[in-house]
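Everything on this sheet refers to the single structure shown next.
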Amino acid sequence: MFFLLLVSIIAPALEELAFRGFFVLKKWFLIIPIALTLLFSFKSNFPLFLILIYLATYFLFFYLYQRKASTVYKVTFILLNSLLFALIHYSLKDLLILDSYFMILIQFGAGLILVWITINFGLMKSILIHGVFNLLVTLPLIIPIINFSDQEVNVIENDVYIIKWQEASSFKIQKNYRISKYSFEGKNITVKQFFEMYDVPALDKFNDVVKWKGKDFLRYNINVKVKDTSSSIIESYIPILYELETRELIEIENKLIDGP
């Protein structure tokens, strides 16, 4: 749920303040878009020298825009503003991928529309429209993975491990876990977080055989225990977790991983 709050309220507000805030044209207010633009720019994944060149050009044309110079300068700043808004969502590597330019063009166009809304109707209207747009785009992705916690406890057991899992409510944000050499207990965590936190033997090999199906936001209560700590096959006998498209968490197969 925090993700929904982030994409529909927090991110739109910060982005509108950073980019369309320049068109409010109140001197006392300009410190906000200037500071946020610098923050977004320097946190982007572009080389520093490109960031500095772009920002120098950007602020030069903003100065000319403020001075009510010719229409050419005003249009240029609006274009630079919308382009910067689009580019901060990407990295230099993305520019090497042809498919990226379609999305960049869409976000560039969205930036132009939001500038027009800000100039004609005010910054609050652009924040509202930006937030509604993000919400409409995100909801189809979020609704299928919001779960209300199935109370069924699932158990898979073999000679080495016993694994129990249960769905956790998506409305709970706080997660916690306990790890020991031969056990793991995690509450309200994703399967990905489980992989990252549970340092089982041969973890690298374990990660190599995991198959993902894109349900990164689903959260579960997971308990793993090693049954026989004296077993000589712990180092090589690793359970493989497959994430399913159903509401069940995982299907586990036992597979003997060959040693190096």
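Scanning segment 28-47 for residues that are exposed (fewer than 14 other Cβ atoms within 10 Å of the Cβ) and in a loop (DSSP other than H, G, I, E, B) returns Lys43, Pro47.
A count restricted to segment 103-141 and to residues that are buried (at least 17 other Cβ atoms within 10 Å of the Cβ) and either within 17 Å of the chain's Cα centre (by Cα) or not assigned by TED's automatic domain parsing to the domain that holds Phe62 (or both) stands at 2.
Answer with yes or no whether Tyr54 is out of contact with any His (no Cβ under 9 Å at 6 or more places or on another chain) and either farther than 28 Å from Leu128 by Cβ or not assigned by TED's automatic domain parsing to the domain that holds Leu114 (or both). Yes, satisfied. Residue pairs whose Cβ atoms lie under 8 Å apart, separated by 6 or more positions or on different chains, with the first residue in segment 115-128 and under 17 Å from Phe29 (Cα atoms) and the second of a type outside the set (Phe, Trp, Tyr) and not in a helix (DSSP H, G or I), are Thr118/Val24; Leu123/Val24.
Of all residues in segment 63-87, those satisfying the criterion of being in a helix (DSSP H, G or I), surrounded by fewer than 15 Cβ atoms within 10 Å (Cβ to Cβ) and either in contact with an Asp or Glu (Cβ under 8 Å, 6 or more places away or on another chain) or of a type outside the set (Ser, Thr, Tyr) (or both) are Val72, Val75. Only residues that are outside any helix (DSSP H, G or I) and within 17 Å of the chain's Cα centre (by Cα) were counted in segment 1-27, giving 1. Among the residues of segment 205-224, is there at least one that is modelled with pLDDT of 65 or more, out of contact with any His (no Cβ under 8 Å at 6 or more places or on another chain) and within 30 Å of Arg20 (Cα to Cα)? No; the residues of segment 205-224 include none that is modelled with pLDDT of 65 or more, out of contact with any His (no Cβ under 8 Å at 6 or more places or on another chain) and within 30 Å of Arg20 (Cα to Cα).
The values are calculated or read from the model by the stated rules, or taken from the named source; none is laboratory data. Owing to the predicted nature of the structure, the values given are computational and were not obtained by experimental measurement. Cβ: placed from backbone, ideal geometry, glycine included. Neighbour counts: every protein chain shown.
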